1. Of everything in segment B:97-115, what is more than 9 Å from chain A (Cβ to nearest Cβ) and out of contact with any Cys (no Cβ under 9 Å at 6 or more places or on another chain)? Give them in sequence order.
2. Filter segment B:67-103 for residues that are part of a strand (DSSP E or B) and more than 18 Å from residue A:43 (Cβ to Cβ) and give the result.
3. Which one of these is surrounded by fewer than 15 Cβ atoms within 10 Å (Cβ to Cβ) and touching an Asp or Glu at 6+ places or on another chain (Cβ under 7 Å): A:58, A:26?
4. Identify all residues within segment A:37-73 that are among the β-branched types (Val, Ile, Thr) and either part of a loop (DSSP other than H, G, I, E, B) or closer than 27 Å to residue B:88 by Cα (or both); write none if there are none.
5. Could you list, ordered by first residue, the pairs with Cβ atoms under 9 Å in which the first is in segment B:90-101 and of a type in the set (Asp, Glu) and the second is not in a loop (DSSP other than H, G, I, E, B), at least 6 apart or interchain?
6. Search segment B:1-60 for residues being surrounded by 11 or more Cβ atoms within 10 Å (Cβ to Cβ), aliphatic (A, V, I, L, M) and outside any strand (DSSP E or B), and hand back the single one that is farthest from the other protein chains (Cβ to nearest Cβ).
7. When you go through A:110, A:99, A:103, A:83 one by one, which is the residue that is on the phi > 0 side of the Ramachandran plot and at pLDDT 90 or above?
8. Among the candidates A:11, A:21, A:89, single out the residue that is part of a strand (DSSP E or B), crowded, with 16+ Cβ neighbours inside 10 Å, out of contact with any helix residue (DSSP H, G or I) (no Cβ under 6 Å at 6 or more places or on another chain) and at the interface with chain B (Cβ under 10 Å from one of its Cβ atoms).
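The values are calculated or read from the model by the stated rules, or taken from the named source; none is laboratory data. Computed from a prediction, not measured in an experiment: that's the story for all the values here. Ideal geometry is used to build each Cβ from the backbone, glycine not excepted, and the neighbour counts take in all protein chains shown.
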Amino acid sequence: KQEVTQIPAALSVPEGENLVLNCSFTDSAIYNLQWFRQDPGKGLTSLLLIQSSQREQTSGRLNASLDKSSGRSTLYIAASQPGDSATYLCAVRLRGPGGTSYGKLTFGQGTILTVHP
Amino acid sequence: KAGVTQTPRYLIKTRGQQVTLSCSPISGHRSVSWYQQTPGQGLQFLFEYFSETQRNKGNFPGRFSGRQFSNSRSEMNVSTLELGDSALYLCASSLEGGLFTDTQYFGPGTRLTVL
């Protein structure tokens, strides 16, 4: 059974700091991995998707890496801002009998990030 | 493009009742997935629909069901509500649901409270 773990559970940093969020998964037969952010009481916003054949993806101040062999992904946030405060979730999609596990993402518990001015 | 929309946004029901939640995917997306989010269990996959067919299902009791219409809109139904069904129900859509590049886009959710 695929398990996804995110460390740390919570992180508080001053504005401007660079930070790294960690995600580990137990089953390396993943199809892809997605990072999301969730603001309190809201839905999820997709940040980055990394296909299983890729090593990293970048979008603005965000960079996500993937190491399938070690079962790890990291989300790097550069020059953090108070608006980055949210819960960050990573989710993996496994391979299935038909090639992919249709629609099913397995989520970690999230990292609650607070960036204070 | 308009994002994923879910209605209603909030619901209050009592134990034993049933409820229907609705989801409209992003235009052109044919795959719709449903998730339950609770503080204790986090986000858990309920089921996925594509072309009006359920292709994948999570570990939830039969009280949870869904369907998809020809325009890709989807509904989920929970019968005989229990207190533990109180949660944020999230719908996500993607182009095909099975591509390497398929990004899932989530709606704002329906907050269900069971009294």
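1. So the first thing to find is which residues in segment B:97-115 are more than 9 Å from chain A (Cβ to nearest Cβ), and the list is B:110, B:112-115.
Across segment B:97-115, the qualifying residues are B:112, B:113, B:114, B:115.
2. Looking only at segment B:67-103, we keep the residues that are part of a strand (DSSP E or B), and these are B:67-68, B:74-78, B:87-94.
Once the filter is applied, which keeps residues that are part of a strand (DSSP E or B) and more than 18 Å from residue A:43 (Cβ to Cβ), segment B:67-103 yields B:67, B:68, B:77, B:78.
3. Details: A:58 fails: touching an Asp or Glu at 6+ places or on another chain (Cβ under 7 Å).
Answer to the check: A:26.
4. Of segment A:37-73, the ones among the β-branched types (Val, Ile, Thr) are A:45, A:50, A:58.
A:45, A:50, listed by residue number.
5. B:96/B:31; B:96/B:50
6. Applying the filter and picking the extreme gives B:26.
7. On the way: A:99 fails: at pLDDT 90 or above; A:103 fails: at pLDDT 90 or above; A:83 fails: on the phi > 0 side of the Ramachandran plot.
Exactly one residue qualifies, and that residue is A:110.
8. Numbers: A:11 fails: at the interface with chain B (Cβ under 10 Å from one of its Cβ atoms); A:21 fails: at the interface with chain B (Cβ under 10 Å from one of its Cβ atoms).
Just a single option satisfies the conditions, and that option is A:89.
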